[in-house]
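To start, the structure itself, in structure tokens.
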Amino acid sequence: MANIILLGPPGAGKGTQARRLVEERGMVQLSTGDMLREAKDSGTEMGNVVAEVMAKGQLVTDEIVIGLIEEKLAAGGEGFIFDGFPRTLGQADALGKLLAKMGTKLDAVIEMQVDDEALVARITGRSTCGGCGEVYHDQTKPWPADGKCEKCGGTDVKRRADDNEESLRTRLMEYYKKTSPLTGYYYHAGDLFTIDGLAEIETVATSIARILDQQG
Ligand code: AP5
């Protein structure tokens, strides 16, 4: 099964598409954002440091996130979807080395292109199910009328502390300064595919499926 990176700014739809790939293809989603939110909720010293950095919309250190990814990869599996990782050139180099050590490699880096205007609306309207993590949006994918999650029936509606306009501005700046250079890095490695992330969720899913099917 292919190993892929979903690359794109906050709100591009990485998590939404990663969850579909897990359900439809049995791939393994590795979201550093989710891992860091778990660490934050653990109340450990590392968790408290992470909480402050994330609330501001800044990037957590390479050392911490590479350590988290290394731990997950060591647990084994195949068909990894890297969601929100790598976000710096240092993280990209580290990922290449970790995969090589496992005797595997990246098959595709899928850049989801969106514009900043759309991101504000996506981020400020987002909620997730506290039970299963299903992603909703106030306008484009509202919660079912009975208030129960369509996937697990849960009723715990969660909104992220960093899903506000101020934090989003910092998250976008971090993306353009530190993460967007990865498109050149992966283009030169021959792994980059670019898709329209502004299309409807189904259409984006079809574009990703086409790339995965090409990779065999
Ligand atoms: P992380 O959790 O990775 O957040 P992010 O990259 O900011 O991305 P998001 O989860 O906000 O967006 P998404 O692209 O997954 O969009 P979604 O599918 O939810 O990181 C959070 C923080 O953790 C970072 O700021 C940083 O501090 C830290 N961190 C994480 N990884 C790190 C790393 N590697 N290094 C250092 N620090 C790290 O969709 C958004 C909304 O839009 C939803 O409501 C959805 O329903 C809707 N939507 C999705 N697709 C569509 C569509 N096609 N059309 C209409 N609506 C759509």
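A few remarks follow.
- Region 112-209 - Rg over Rh from alpha carbon coordinates, Kirkwood radius: 1.03
- Reference-scaled alpha-carbon Rg (2.2 N^0.38 Å with N residues) for the chain: 0.98
- Cross-link table LYS40/LYS158; LYS72/LYS141; LYS56/LYS178; LYS158/LYS178; LYS105/LYS151, entries beyond 21 Å C-alpha to C-alpha: LYS72/LYS141; LYS158/LYS178; LYS105/LYS151
- Sorting the segments 151-157, 17-23 by their residues' average number of neighbouring beta-carbon atoms within 10 angstrom, most packed first, yields 17-23, 151-157.
- Within the accessible area of region 1-158 (1.4 Å probe), percent carbon and sulfur: 50
- Prolate/oblate/rounded call for region 40-84, Cα gyration tensor, a/c under 1.5 rounded: prolate
- On a per residue basis, region 39-117 carries 51 Å² of accessible surface, using protein heavy atoms and a 1.4 Å probe.
The values are calculated or read from the model by the stated rules, or taken from the named source; none is laboratory data. Since the model is a prediction, treat every value here as computed from it, not as a measurement. Every residue, glycine among them, receives a Cβ derived from its backbone with ideal geometry; neighbour counts consider all protein chains shown. Accessible surface areas use protein heavy atoms only, side chains included; no ligands, DNA or RNA. Shrake-Rupley method; radii C 1.70, N 1.55, O 1.52, S 1.80 Å.
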